[in-house]
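Remarks on the structure that follows.
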Amino acid sequence: MEGSRHQDDPARRARLRWRSRRGLLENDLILTRFLDAHEAELSDDEVDALTRLLELPDNDLMGLLLGRDDTEERLNLPHVTALLNRLREA
């Protein structure tokens, strides 16, 4: 990633948290709970993975979080899969 690291930029951290607010309450609860517990320790790769997941429509994201749907090919990356597994445990 170019520029400053996520953890060094309060504006980036606030933007990520704001983007995690979702239309589906279930998504919102999972993402908020995860960020409350782990935001301070997220690596730039994990932030990239979360950003990619947040680009999905709510129903697609919910399917992935609940393990109902398979990861799309464009998201089938090791750092995205690892973060998705962490989110499922949250």
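Every read-out reported here was derived from the displayed coordinates using simple, explicitly stated rules and does not represent laboratory data. Because the structure is a prediction, the values reported are computed rather than measured. Glycine also receives a Cβ, built like all others from the backbone with ideal geometry; neighbour counts cover every protein chain displayed.
Tally Lys/Arg at +1 and Asp/Glu at -1 over every other residue whose Cβ is under 15 Å from the Cβ of Glu73; what's the total? Walk me through the numbers on the way to the answer.
Numbers: positive: Arg52, Arg74; negative: Glu55, Asp60, Asp69, Asp70, Glu72.
Value of the local net charge: -3.
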For the Asn59, Arg86 Cβ pair and Förster radius 22 Å, calculated FRET efficiency rounded to 0.05 is 0.55
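For the chain, what is the mean residue ellipticity at 222 nm derived from helices alone (per DSSP H run of n ≥ 4: -39500 (n - 2.57); sum divided by total residues; nearest 500 deg cm²/dmol)?
On the way: 5 runs with 55 residues, N = 90.
The helix contribution divided over the chain gives -18500 deg cm²/dmol.
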Length-normalised contact order of the chain, Cα under 8 Å, at least 6 apart, in percent, tallies to 30
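What length, rounded to one decimal in nm, is gained on full extension from Glu73 through to Glu26, with 0.36 nm per residue of separation minus their alpha-carbon distance? List each step's numbers first, then the result.
Working: separation 47, 0.36 × 47 = 16.92 nm, distance 2.41 nm.
Contour length minus Cα-Cα distance gives 14.5 nm.
Looking at the chain, which longest stretch skips every one of the GluC sites (Glu not before Pro) that is in a DSSP loop with at most 14 other Cβ atoms within 10 Å, leaving the sites themselves out?
Numbers: sites that count: Glu2, Glu55, Glu72.
Result, exposed sites excluded: 3-54.
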Rounded to the nearest 10 degrees, the helix 25-38 long axis (Cα) sits at an angle to the longest Cα principal axis of the chain of 40
